[in-house]
Amino acid sequence: MGHAVGKVLVENGLQVITSLHGRSVRTRQLAARAGIHDVGTLAALVHDADLILSILVPDQAVATAQVVAQALSATNQEVLYVDCNAVAPQTAHAIDRIISGAGSRFVDAGIIGPPPHKPGTTRFYASGREVATFAELNHFGLEIIALGPESGQASAFKMCYAALTKGLTALATELLTAAEVFGITEALAHEFENSQALLYKQMQQALPGMPAKAHRWIGEMEEIAQTFGAIGLTPQMLAGAAELYRFVNRTPLGQLTPEDPKPTFQTLIETLAKELSNNQ
């Protein structure tokens with residue numbers, strides 16, 4: 001997602017920079033292909049940047065904000081920091097305090113859709129006092145929708161949306177794996193085609209791409225569970241989804257990257273059922 005967003009901004013005339021210190025060869029290659037310039041250190045990044053987009057795995061969002069805030073304080077720099085990660089509103093508020101405490105400005109954002117490889121597929125929902133400034137990137141290839149002046153609103157939006165999309169993917173993965181273990185896959189597929197054709201087609205389309213992203217979705221489901229628990233709803237449904245993605249990530253399928261060929265729908269379910277049986 002990060003390199004794809006950066007590529008859009010580069011293609012629309014902006015200079016995009018990053019700090020790749022300690023990052024993997026794959027990440028460096030993706031950044032280079034996108035035309036994103038590596039400035040080396042965080043100190044150099046905060047010195048040269050006007051706006052920082054944080055796009056990474058949810059469980060690293062707070063830690064990243066902390067190291068950026070340290071660099072901002074140490075260099076006496078001020079930026080607009082936009083957290084685009086799939087985190088709970090509580091987490092967004094914590095990041096807001098971290099960045100504001102370092103003398104910089106904060107926007108809460110949530111990304112809906114796939115990496116923006118083509119126009120019209122990806123939207124940034126954003127909230128916060130500085131949302132109008134962030135929305136200027138609408139002129140540079142992004143689609144940004146302002147929700148309001150309160151940080152946390154965009155994160156709440158993302159949590160509610162992802163609870164449906166990725167929560168449903170987790171449920172489908174679990175029930176189809178169970179059906180394979182019980183030996184009823186063919187009969188269940190026939191009934192789904194008769195009575196749940198649209199939903200079954202969505203399962204077939206969504207599940208093969210899931211294993212390469214399962215490691216990122218663990219933390220996202222935990223953030224959704226935290227979101228719902230904080231307002232008195234049960235966190236257990238999405239905590240269960242996190243466990244399902246943790247299981248997928250432990251299998252050989254969890255080693256896939258988004259650049260690798262996707263497994264077929266049938267291979268995915270058969271592999272998960274085999275791994276489940278081997279672990280019993």
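The values are calculated or read from the model by the stated rules, or taken from the named source; none is laboratory data. Please read these numbers as outputs of a predicted model, since none were measured by experiment. Cβ coordinates were reconstructed from backbone atoms using ideal geometry, including for glycine residues, and neighbour counts include every protein chain displayed. Protein only, heavy atoms only, side chains kept; ligands, DNA and RNA dropped before computing areas. Shrake-Rupley method; radii C 1.70, N 1.55, O 1.52, S 1.80 Å.
The conditions are (1) part of a helix (DSSP H, G or I); (2) within 15 Å of Ser127 (Cβ to Cβ); (3) among the β-branched types (Val, Ile, Thr), and Val62 fails exactly one of them. Which is it?
(2)
Does segment 17-27 contain at least one residue that is under 19 Å from Phe124 (Cα atoms) and either small (Gly, Ala, Ser) or open to solvent by 40 Å² or more (accessible area, probe 1.4 Å) (or both)?
There is no residue in segment 17-27 that is under 19 Å from Phe124 (Cα atoms) and either small (Gly, Ala, Ser) or open to solvent by 40 Å² or more (accessible area, probe 1.4 Å) (or both).
For segment 74-84, check the following and say yes or no: at least one residue is buried (at least 20 other Cβ atoms within 10 Å of the Cβ) and acidic (Asp, Glu).
Checked against the condition, which is being buried (at least 20 other Cβ atoms within 10 Å of the Cβ) and acidic (Asp, Glu), segment 74-84 yields at least one hit.
Conditions (1) of a type in the set (A, V, I, L, M); (2) farther than 23 Å from Ala109 by Cβ; (3) in a helix (DSSP H, G or I), marked per residue:
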| residue | (1), (2), (3) |
| --- | --- |
| Val5 | yes, no, yes |
| Leu9 | yes, no, yes |
| Gly13 | no, no, no |
| Arg26 | no, yes, yes |
| Ala31 | yes, no, yes |
| Gly40 | no, yes, no |
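Among the listed residues Thr121, Thr165, Thr173, identify the single one that is open to solvent by 20 Å² or more (accessible area, probe 1.4 Å) and either in contact with a Cys (Cβ under 7 Å, 6 or more places away or on another chain) or part of a helix (DSSP H, G or I) (or both).
On inspection, the qualifying residue turns out to be Thr165.
Quick check, is Leu142 closer than 19 Å to Gly209 by Cβ and either β-branched (Val, Ile, Thr) or surrounded by 15 or more Cβ atoms within 10 Å (Cβ to Cβ) (or both)? Don't jump to the end; show me each part of the working.
Working: closer than 19 Å to Gly209 by Cβ: no; either β-branched (Val, Ile, Thr) or surrounded by 15 or more Cβ atoms within 10 Å (Cβ to Cβ) (or both): yes.
Criteria not met by Leu142.
Looking at Thr257, Thr271, Thr264, which one is at pLDDT below 95 and open to solvent by 20 Å² or more (accessible area, probe 1.4 Å)?
Thr257
Please name all residue pairs, on different chains or six or more residues apart, with Cβ atoms under 7 Å, provided the first residue is in segment 213-233 and is more than 12 Å from Asp59 (Cα to Cα) and the second residue is polar (S, T, N, Q).
Ala214/Asn249; Gln226/Gln90; Phe228/Thr234; Ala230/Gln90
What's the number of the condition Ser151 fails, among (1) without any contact (Cβ under 8 Å) to a residue 40 or more places away in the chain; (2) touching a Lys or Arg at 6+ places or on another chain (Cβ under 9 Å); (3) polar (S, T, N, Q)?
All conditions pass for Ser151, except number (1).
How many residues, within segment 176-191, are in contact (Cβ under 8 Å) with a residue 12 or more places away in the chain and open to solvent by 70 Å² or more (accessible area, probe 1.4 Å)?
0
Pick from segment 57-73 the residues that are closer than 22 Å to Ser155 by Cβ and of a type in the set (S, T, N, Q): which of them is least open to solvent (accessible area, probe 1.4 Å)?
The selected residue is Thr64.
From the residues in segment 223-243 that are within 27 Å of Leu268 (Cβ to Cβ) and touching a Leu at 6+ places or on another chain (Cβ under 8 Å), which one is surrounded by the most Cβ atoms within 10 Å (Cβ to Cβ)?
It comes out as Ile224.
Within the group Ile52, Ile95, which residue is open to solvent by less than 40 Å² (accessible area, probe 1.4 Å), under 18 Å from Leu137 (Cβ atoms) and not aromatic (Phe, Trp, Tyr)?
Selected residue: Ile52, the only one of Ile52, Ile95 that is open to solvent by less than 40 Å² (accessible area, probe 1.4 Å), under 18 Å from Leu137 (Cβ atoms) and not aromatic (Phe, Trp, Tyr).
Among all residue pairs at least 6 apart or on different chains, which show Cβ distances below 6 Å where the first residue, located in segment 17-46, is on the phi > 0 side of the Ramachandran plot and in contact (Cβ under 8 Å) with a residue 60 or more places away in the chain and the second is in a helix (DSSP H, G or I) and buried (at least 17 other Cβ atoms within 10 Å of the Cβ)?
Short answer, once both residue conditions are applied: none.
Filter segment 43-59 for residues that are part of a helix (DSSP H, G or I) and under 22 Å from the mean Cα position of the chain (by Cα) and give the result.
Within segment 43-59, Pro58, Asp59 meet the criteria.
Please go through segment 86-127 and give me each residue that is in contact with a Leu (Cβ under 9 Å, 6 or more places away or on another chain), more than 19 Å from Met1 (Cβ to Cβ) and of a type outside the set (Lys, Arg), ordered by number.
The answer is Ile99, Ala102, Gly103, Ser104, Phe106, Ser127.
Can you pull out the residues in segment 103-118 that are farther than 23 Å from Val10 by Cβ, in a loop (DSSP other than H, G, I, E, B) and in contact with a strand residue (DSSP E or B) (Cβ under 9 Å, 6 or more places away or on another chain)?
Of segment 103-118, the ones farther than 23 Å from Val10 by Cβ are 103-106, 108.
Within this subset, residues satisfying the condition of being in a loop (DSSP other than H, G, I, E, B) are 103-104.
Correct list: Ser104 only.
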